[in-house]
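Student: Mind having a look at this structure? Questions to follow.
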Amino acid sequence: MNEEKGIVKENKNIGANYYLMEIKTESIAENSKPGNFVMIGINNNYDPLLKRPFGIYDVKSNSIYIYYEVVGKGTKILSEKRSGDNLDLIGPLGNGFPELKDKKILMIAGGMGIAPIYYGIKNYIHNNHVSLVYGARAKENLNLVFELEKLNLKSIFLYTDNGSLGIKGYVSSDLKKIISENDIDITISCGPEKMFESLNAVLKDENTKNYVSMEARMGCGIGVCHSCVVETVSDGYKKVCSDGPVFDMGDMKW
């Protein structure tokens, strides 16, 4: 973990209220692994006061990338950052995705959960067969499809609640069929908790190893404030920031 000043290199609107930001860093980029996240100080005048967690979407050279949606005061301020602006960063944080080789992996992303999933895919495709299930409310919420299509994925399955892109339904709708037809060994998912509950209902009966990358509100990101606890079967309450964000799905109490 490192604290450092990051420099905004690009803050690009990619449709509706969605942005991709490139941040030049030193040690954070060098030490990041798929599944890690960073805490970002939105404003130098401490309003908002607390740093915000963002999954690392990609790493190139000495830059990290974050993908975010403008939904409130903090992300609105972030969207107004320009090239050359400074940001206070803490990272890389979290335990990251498992190391895998010669596996048939199904990555599952719901909405903004695509951010760490994208970075995971880029890492896994070199030594594994990787497929993706990606779902959101509507077509405009699946605006990273053009980037995903550049990757060497075995298959991409798109879902929208209203059917405006891909199949009308949810990421769990055809999961059994997809797992069977692609002989999946491992699933790795990221998205809202309700999505995890529906995935777990399907996956608990499948012969797959299943991991989840949890999303949570965080105050510190380093395990001090205990604001991001989740309940596990094996060991009571754990902190998403320091014990996770990646957990064994079967060990979570949904």
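Student: Considering the range 22-47 alone, what residues qualify as being more than 18 Å from G221 (Cβ to Cβ) and assigned to a strand (DSSP E or B)?
Tutor: E22, K24
Student: Taking the range 26-45 as the region of interest, how many residues are over 16 Å from the mean Cα position of the chain (by Cα), under 20 Å from K122 (Cα atoms) and in contact (Cβ under 8 Å) with a residue 40 or more places away in the chain?
Tutor: 2
Student: Something else now. Would you mention how many residues in the range 18-46 are closer than 22 Å to I114 by Cα and loosely packed, with under 15 Cβ neighbours inside 10 Å?
Tutor: 2
Student: A follow-up question, please. Looking at N162, N210, can you tell me which residue is of a type in the set (S, T, N, Q) and either at positive phi or out of contact with any helix residue (DSSP H, G or I) (no Cβ under 7 Å at 6 or more places or on another chain) (or both)?
Tutor: N162
Student: Still on this structure, I have one more. Every residue in the range 113-148 that is of a type in the set (F, W, Y) and over 14 Å from S164 (Cα atoms), please.
Tutor: Those that are of a type in the set (F, W, Y) and over 14 Å from S164 (Cα atoms): Y118, Y119, Y124, F146.
Student: Another one. Can you tell me which residue in the range 26-60 is farthest from G111 (Cα to Cα), limited to those that are at pLDDT 95 or above and hydroxyl-bearing (S, T, Y)?
Tutor: Looking at residues that are at pLDDT 95 or above and hydroxyl-bearing (S, T, Y), I get S32.
Student: Residue by residue through the range 15-25, note down the ones that are modelled with pLDDT of 95 or more and under 18 Å from the mean Cα position of the chain (by Cα).
Tutor: Y18, Y19, L20, M21, E22, I23
Student: Follow-up. Of all residues in the range 61-74, how many are outside any loop (DSSP other than H, G, I, E, B) and surrounded by fewer than 16 Cβ atoms within 10 Å (Cβ to Cβ)?
Tutor: 2
Student: Determine, yes or no, whether G120 is touching a residue at least 24 places away in the same chain (Cβ under 8 Å), out of contact with any Leu (no Cβ under 9 Å at 6 or more places or on another chain) and not assigned by TED's automatic domain parsing to the domain that holds F37.
Tutor: yes
Student: Quick one: is E10 in contact (Cβ under 8 Å) with a residue 40 or more places away in the chain and surrounded by fewer than 17 Cβ atoms within 10 Å (Cβ to Cβ)?
Tutor: Criteria met by E10.
Student: Pairs needed: first member in the range 206-229, loosely packed, with under 14 Cβ neighbours inside 10 Å; second member anywhere, modelled with pLDDT of 95 or more; C-beta distance under 9 Å; at least 6 residues apart or different chains.
Tutor: Listed pairs, sorted by first residue: N207/I179; N207/D185.
Student: Hey, can you tell me all the residues within the range 39-89 that are farther than 23 Å from L142 by Cβ and of a type in the set (D, E)?
Tutor: D47, E80, D85, D88
Student: Conditions first: (1) in contact with an Asp or Glu (Cβ under 9 Å, 6 or more places away or on another chain); (2) at pLDDT below 90. T208 passes all but one, so which condition is the exception?
Tutor: Among (1) in contact with an Asp or Glu (Cβ under 9 Å, 6 or more places away or on another chain); (2) at pLDDT below 90, the lone unmet condition for T208 is (2).
Student: Given the criterion out of contact with any strand residue (DSSP E or B) (no Cβ under 8 Å at 6 or more places or on another chain) and either surrounded by fewer than 20 Cβ atoms within 10 Å (Cβ to Cβ) or more than 20 Å from L199 (Cα to Cα) (or both), identify the matching residue among K122, K81, K101.
Tutor: From the options K122, K81, K101, the qualifying one is K101.
Student: Additional query: Name every residue in the range 24-42 that is closer than 18 Å to K76 by Cβ and touching a Ser or Thr at 6+ places or on another chain (Cβ under 7 Å), in order of residue number.
Tutor: none
Student: Could you tell me whether I77 is farther than 27 Å from E181 by Cβ, without any contact (Cβ under 8 Å) to a residue 40 or more places away in the chain and not in a strand (DSSP E or B)?
Tutor: Answer is yes for this residue.
Student: On to the next question. Please find, within the range 138-185, the residue that is surrounded by the fewest Cβ atoms within 10 Å (Cβ to Cβ) out of those that are more than 22 Å from T208 (Cβ to Cβ) and without any contact (Cβ under 8 Å) to a residue 24 or more places away in the chain.
Tutor: K150
Student: I would also like to ask the following. If you check S234, S242, which single one turns out to be of a type in the set (S, T, N, Q) and either surrounded by 13 or more Cβ atoms within 10 Å (Cβ to Cβ) or within 18 Å of I108 (Cα to Cα) (or both)?
Tutor: Criteria check complete, one pass: S242.
The values are calculated or read from the model by the stated rules, or taken from the named source; none is laboratory data. A quick note: this is a predicted structure, and the numbers were derived from the prediction, not measured. No Cβ is skipped: glycine too gets one built from the backbone with ideal geometry, and neighbour counts run over all protein chains shown.
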